[in-house]
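Note sheet for the following structure.
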């Protein structure tokens, strides 16, 4: 999973693609999970950096604490597909979860819970 900042500035994505190629005709499609809002970036340039392929991108749809799906293609050839998590937190020692404040652990001892078995 790739982590990006919720920014409209230029960011570099480092990937391990299916094929290593330095090109200036790459196309990146990014789609937000849930809303399916989509953005397509064209004519991107890649450079080989050791075992990685670096691509500089400027996004306009990234929002805080959201997840996305990306695909990078060169013509009809799929080079890379992955998930993206967007956060402004830069501390890599803290684990991030998509379920923060979304899920409540219920205790079996709670009397408010009722189960009807038929």
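Quick notes on this one:
- Exposure proxy ranking, count of Cβ atoms within 10 Å, fewest first, for 59, 52: 52, 59
- By DSSP, the beta bridges lying fully in the stretch 2-86 are antiparallel in about 90 percent of cases.
- Extension gain from residue 64 to residue 78, taking 0.36 nm per residue of separation minus the Cα-Cα distance: 2.3 nm
- Exposure proxy order (Cβ contacts within 10 Å, fewest to most) of 57, 86: 57, 86
- Order of 68, 85 - criterion: other Cβ atoms within 10 Å of each residue's Cβ, fewest first: 85, 68
- The stretch 1-85: C-alpha gyration tensor shape, a/c 1.5 cut-off, then a/b vs b/c: prolate
Every number here is computed from the coordinates shown, using simple stated rules; none is lab data. All figures in this text were calculated on a predicted structure; none of them were measured in a lab. Positions of Cβ are generated from backbone atoms using ideal geometry, with glycine treated the same way; all protein chains shown enter the neighbour counts.
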